[in-house]
1. Along its principal axes, what span do the Cα atoms of the range B:330-390 show, with the longest given first and each in whole Å?
2. Check which residues have an amide H placed less than 5 Å from B:V151's amide H, if you skip close sequence neighbours.
3. Give me the distance in nm between label points sitting 7 Å out from Cα along the Cα-to-Cβ direction at B:D261 and A:H138, one decimal.
4. Please list the non-local residues whose amide H lies under 5 Å from the amide H of B:N239, H modeled 1.01 Å from N, same-chain partners needing a gap of 5 or more.
5. What is the extension gain from B:D173 to B:A201, computed as 0.36 nm multiplied by their sequence separation minus the C-alpha to C-alpha distance, in nm to one decimal?
6. Given 0.36 nm per residue, what is the gain on full extension from B:R596 to B:L492 after removing their alpha carbon distance, in nm?
7. Report the calculated FRET efficiency for B:A576 and B:R509 (r = Cβ-Cβ distance, R0 = 25 Å), to the nearest 0.05.
8. Given R₀ = 41 Å, FRET efficiency for B:E558-B:H333 by Cβ-Cβ distance, to 0.05?
Amino acid sequence: MTLAADILINAARQKPLPADLRQLENEAIGILREAAAEFSRPVLMYSVGKDSSVLLHLALKAFHPAKPPFPVLHIDTTWKFREMIAFRDATAKRVGIDLIVHTNQEGLARGINPIASGSALHTQVMKTEALKQALDQHGFDAAFGGARRDEEKSRAKERIFSIRGAGHMWNPRAQRPELWHLFNTRLRPGETMRVFPLSNWTELDVWRYIEHEGIEVVPLYFARERPVVQRGGTWIMVDDDRLPLEPGETPEIRRVRFRTLGCYPLSGAMESGAATIADIIAELRGAGVSERQGRLIDSDGEASMERKKREGYF
Amino acid sequence: MPDGAPIAPSPQGLLRFLTCGSVDDGKSTLIGRLLHESAAIHTDQMETLRRDSQRFGTTGEEIDFSLLLDGLEDERQQRITIDVAYRFFSTPRRSFIVADTPGHEQYTRNMATGASTADLAVLLVDARKGVLVQTRRHALIASLLGIRQIVLAVNKLDLVDFDRATFERIAHDFAAFAGPLGFAAVTAIPISARFGDNVTASSPRLPWYSGPTLLGHLESVELGDAAAAPFRFPVQWVNRPNLDFRGFAGTVAAGSIAVGDPLLAMGSDRSTRVKEIVTFDGNLDRAGPGDAVTLTVADEIDVSRGDLLVDPAARAEYADQFAAHLIWFQDEHLVPGRSYWLKLGAKTVLASVTTLKHRIDINTGGHDAARTLELNEIGFCNLSTNAPIAFDPYAKSHETGAFILIDRYTNETAGAGMIAFALHRASNIEWQALTIGPGERARQKGQQSAILWFTGLSGAGKSTIANRLDRKLHELGRHTMLLDGDNVRHGLNRDLGFTDTDRVENIRRAAEVARLMGEAGLIVITAFISPFRADRRMAREIASPHAFLEVFVDTPLEECQRRDPKGLYARAVAGAIPNFTGIDSPYEAPEDAELRLETVGADADALADRIIDELRQRHIIG
Ligand SMILES: Nc1nc2c(ncn2[C@@H]2O[C@H](COP(=O)(O)OP(=O)(O)O)[C@@H](O)[C@H]2O)c(=O)[nH]1
């Protein structure tokens, strides 16, 4: 679909955006424009998930009728769901944006993978290290991410413009106060910025916005029958034949969906009947489990997310 | 907010509010409860919370909601919040963003940060303690930051037996204090955060109270109509995808605009009309406050990022001097005279504080005389920028009246300011047009004007080398002038001491004199310790457009101390000279001096000759 076709669809939409979502949208567009104006080489981190889809959509809006003045970067660990990769490539083509895919080749050569190496090492090498490599190789001085403050306790204090020192280290004490909509974007050599336009959105806001705007997301978010095995109290999808089955384990077909997407052996699915966005919103409103519950990397310890961030994890 | 409620249409949009209170007033408990009761807390988080309550809680067997909020690891260990945290919840009527700011004494900066984007402040007081110094401080900061709506949440009413008289006395005390602060509304609400009385549902234990619950008030409070203000649009990005389209992207800071409305670009004073209001979802007829849009205009006018488009019938201020409230954020104190980056809207310029009029005592609101501002202090001062900028008084428009100051060396956000009014004195003093053009006087002397700025420790050899150089150039028939720090301090600068502020002024005056002498066509040699990078940078800026060569006379401190020609080091070490560079005041060595002269084992004449070579290479002398 071309941009023009997108606009037609949007124009055909009946319901105006609710006031709170419009305010969040305006704020995010302002942030995207500010960063594009202030940094010499920004990039949009695209994880293929729902937040990234919203971020990309907002970037198209912010610079319309021009294209976003930055490329999109995907860190491919080679263990993403196949549907994610297909969706990523189709999206890049449809939107006509410059997509950079980076894999940590060194890690691949060392045989790092989520099964044998464990989630912590895999994430460190194939995500954190890979991201740093890509940012350094291309000389990006700012990277947009779709992270939100409501995701987790230690994120509640994260800045919208979050400065990273040499080696991409995050130092909680070096973060700058953010007043009004005035962002201090100055960097010294070696420093980079992470920019989070969705900081003030909640998971529910993201889904409501996706619904209102008709944004496409990976079908894995919707309940379907999928081959899964039960592990550690959650369902793991058997996405290809690389997932070794334990003795006595046979994949069964369950109606499941994912709340967050990552490497398939590390992403827990939940049993759910939510097959549409409206269903998902209803499910979220009925309270339930926080989205990070399905992310196995967080269960390593209480404040593990914060420690990962200090090491340079996004 | 029953579970499974229909999708929130949020008819009222977003309300951003700030919570503040002293430690242990129950702020965390209150926010935790609001999140819980609006179902913003998920079952797995509740599970963790139940476990944590047993382990670290202060509420016995019950759930300790305050544990939901602590964020960063080290804070959790200290059990105090030391930064602004943002929380989110929504009800079918409204969505809320809560800026949770700590009540700790030294954290004015956090509260100001949270307040800058808040529509309303909830000030918490403990019913047993009543209005405290901190409460006054919070109210004062809220008022300075322009918050119009205040809620006084009188908490822990369970501990005073839900006594009406106690509540009314506290409400009355606060009203008396807050009267002059100019709030649009102050609403006092009795609650018990821990037991939930009157937080989201009215309580049978407060039969005498007939007002709204805290949440009920937050859901229904009306905010002022920002669309009525004059139109303000800071241009953030010029959108030029091809030759046929040129649009100005930005967010409407105040007022509203419709297609066909007249527009004026502040500064250039060019006016035009709005042709289109472009968005991804199609063109609009009209845009209001907060809308992120792209404007195209009827005429070709030169507009770039940082410019302000306004309603021609209600122009903004345009000046290079103004008075403002300034809150200081940096560990290093404010140095009047030093230049900082100033960011206002999408515009960044250089600025310095020219006069600090007074410091505000945030406990009493009183004014104190002060020479500087320390971390977390608030002052009222005059600032001057290196170019005129467009702005409004903060009271009229927050988005176009607020600025931040950025340290030019560390890049830290050094302070935040709110403009009170423009100072138009500068426009009364017209620059005298010089009939002899720039460079003519120097050409007559067969040279180019230049400033050789020597810097180095006391005893490094600045004066010795500068004198040799002066003499040699003189003998070569060049026109020079030597400004020596010690000598200048006997005359021009005899009113100045050695505090940081005085040092800046010392350098500023020297640089201005050097600049004038440069205009006379001279090669000016200055010899000042000038220990701070920021000040040397200031000198360089003042001295432009003349060639400026920073000459670093690089002698190790031990060697200077050994030489000690005037016996100053010995006295400083003995404590007789405070603020002595190298002893108890730092020397920031230049990183990019045009010339670096190592004096140990070198001959002063040879070093002077090196400078002369450099001047030849730069064609300053033939
Ligand atoms: N009795 C009673 N105790 C309360 C109330 N609100 C908070 N507390 C207790 O006061 C203490 C401090 O509360 P906390 O929320 O951590 O205060 P903060 O420092 O303002 O965040 C905790 O032990 C709470 O359980 C209340 O309404 N009534």
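The values are calculated or read from the model by the stated rules, or taken from the named source; none is laboratory data. Keep in mind the model is a prediction, meaning the values are calculated, not measured. No Cβ is skipped: glycine too gets one built from the backbone with ideal geometry, and neighbour counts run over all protein chains shown. These area figures cover heavy atoms from the full protein model, side chains too; ligands, DNA and RNA do not enter into them. Shrake-Rupley method; radii C 1.70, N 1.55, O 1.52, S 1.80 Å.
1. So the three principal-axis extents are 35, 22, 18 Å.
2. It is B:A121, B:V122, B:L123, B:T187, by chain and number.
3. Each label point is offset 7 Å from its Cα along the Cβ direction, giving 3.8 nm.
4. It is B:G247, B:F248, B:A249, by chain and number.
5. 7.5 nm is the gain from fully extending B:D173 to B:A201.
6. My answer for the length gained is 34.6 nm.
7. Approximately 0.40, to the nearest 0.05.
8. Given R0 = 41 Å and the Cβ-Cβ separation, E is 0.85.
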